[in-house]
Amino acid sequence: MEKTLNRIHPVSDPEATYFLQVSWEKDLGTGFGLLLSDCQCAWTGTVSEADISREAADIEMDRGKYVEELRKALIAGEESAGKYNFVIS
């Protein structure tokens, strides 16, 4: 299993710092787990392969391109800094 951990500052609360851990087996396209923490609370979730396919279809994006955008937004870290915004709700 592979994991990444990134520090994020959501646009919904720019002064706050959150840590986002993403874990996956083969690649993000087969599904992944998320853990989000503000160092006081933590929230977890999973995204299935079917969820990814459904979301890509909903926004009419090629599934492979959608998975690549997920990779950039969730695990690329420094190379994507400032290109993606997070909103915590």
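Only the coordinates and a few stated rules stand behind these numbers; no lab work does. Remember, predicted model here, so these are calculated numbers, not experimental data. FYI the Cβ positions are ideal-geometry reconstructions off the backbone, even for glycines, and counts take in every protein chain you see.
Rounded to the nearest 10 degrees, the angle from helix 49-58 to the longest Cα principal axis of the chain is 80 degrees. Across the chain, Cα-Cα pairs more than 18 Å apart make up 46 percent of the total.
Select from region 21-89 those GluC sites (Glu not before Pro) which occupy a DSSP coil region and have at most 16 other Cβ atoms within 10 Å, ordered by residue number.
Working: sites: Glu25, Glu49, Glu55, Glu60, Glu68, Glu69, Glu78, Glu79; in loops: Glu25, Glu60.
Loop-located and lightly packed - Glu25, Glu60.
Counting pairs of alpha carbon atoms under 8 Å apart in space and at least six apart in sequence, what relative contact order in percent does the chain give? The partial results should precede the final answer.
Numbers: 131 pairs, mean separation 23.5, N = 89.
Reported as a whole number, the value is 26 percent.
Placing +1 on the Cβ of every Lys and Arg and -1 on the Cβ of every Asp and Glu, with nothing else charged, gives the chain a dipole about its Cα centre of roughly 140 debye. Residues whose amide H comes within less than 5 Å of that of Met61, counting only those at least five positions distant or on another chain, are absent (H built at 1.01 Å from N in the peptide plane).
Scalar couplings 3J(HN,Hα) for region 21-34, obtained by applying the Karplus form with A = 6.51, B = -1.76, C = 1.60 to θ = phi - 60°, are 9, 10, 10, 8, 8, 8, 7, 4, x, 9, x, 7, x, 10 Hz; x denotes Gly and Pro.
Where does the chain land at 222 nm, in deg cm²/dmol rounded to the nearest 500, when only DSSP H runs of n ≥ 4 count, each adding -39500 (n - 2.57), divided by all residues? Don't skip to the end; give the middle numbers.
On the way: 2 runs with 22 residues, N = 89.
Calculated at 222 nm, the ellipticity per residue is -7500 deg cm²/dmol.
Helix 63-74 and the long axis of the chain differ in direction by around 10°, with both axes built from C-alpha atoms.
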